[in-house]
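We did not get these values from a lab; they are worked out from the coordinates using the rules stated. It should be emphasised that the depicted structure is a prediction, and the values quoted were computed from it without experimental measurement. All Cβ positions, glycine included, derive from the backbone under ideal geometry; neighbour counts span all protein chains shown.
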Amino acid sequence: MDDIQAKLNLLIGALDGQDAGAIIAATEELATAVILFRGAAIPAGSEGHAQTLITATLAQLEAAAIRVNILKDWTRQRIDMNHAIRGTQHRGLALNY
């Protein structure tokens, strides 16, 4: 779980830096850490620590989701502004996740 938290912190830093390459790399590292965590057993007696880490990680995931939504909105605004400058219309709605 500590590894997931570290990878999530890297992703949030990449999102804050708006570095597409770093975002992709951090996302892949986080996905790998989550896959490895799924297969790991929680040692007896450390359930409380695991619960604390899970709670902290969920808060970080929410923070990352907010950053993704902000970047999506900024990107949509830039696309719309470029269309306005060119005098063109966009071809449809942006994908929403």
**Asked** Can you give me the relative contact order of the chain as a percent, contacts being Cα pairs under 8 Å and 6 or more apart?
**Response** 33
**Asked** Which of (i) -0.77, -1.00, -1.11; (ii) -0.69, -0.92, -1.02; (iii) -0.82, -1.11, -1.21 is the computed log10 I(q)/I(0) by the Debye sum over Cα atoms at q = 0.16, 0.20, 0.22 Å⁻¹ for the structure on display?
**Response** (i)
**Asked** Taking the simple approach of a point 7 Å from Cα along Cα-to-Cβ for both GLU28 and GLN5, what is their distance in nm?
**Response** 2.7
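For a Förster distance of 25 Å, can you work out the FRET efficiency between the beta-carbons of ARG86 and ALA20, rounded to the nearest 0.05?
Values: r = 23 Å, r/R0 = 0.93.
With R0 = 25 Å, the Cβ-Cβ based efficiency is 0.60.
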**Request:** Using the charge dipole of the chain (Lys, Arg: +1 at Cβ; Asp, Glu: -1 at Cβ; taken about the Cα centre), state which of GLN89, THR55, GLY17 has its Cα farthest towards the positive end.
**Result:** GLN89
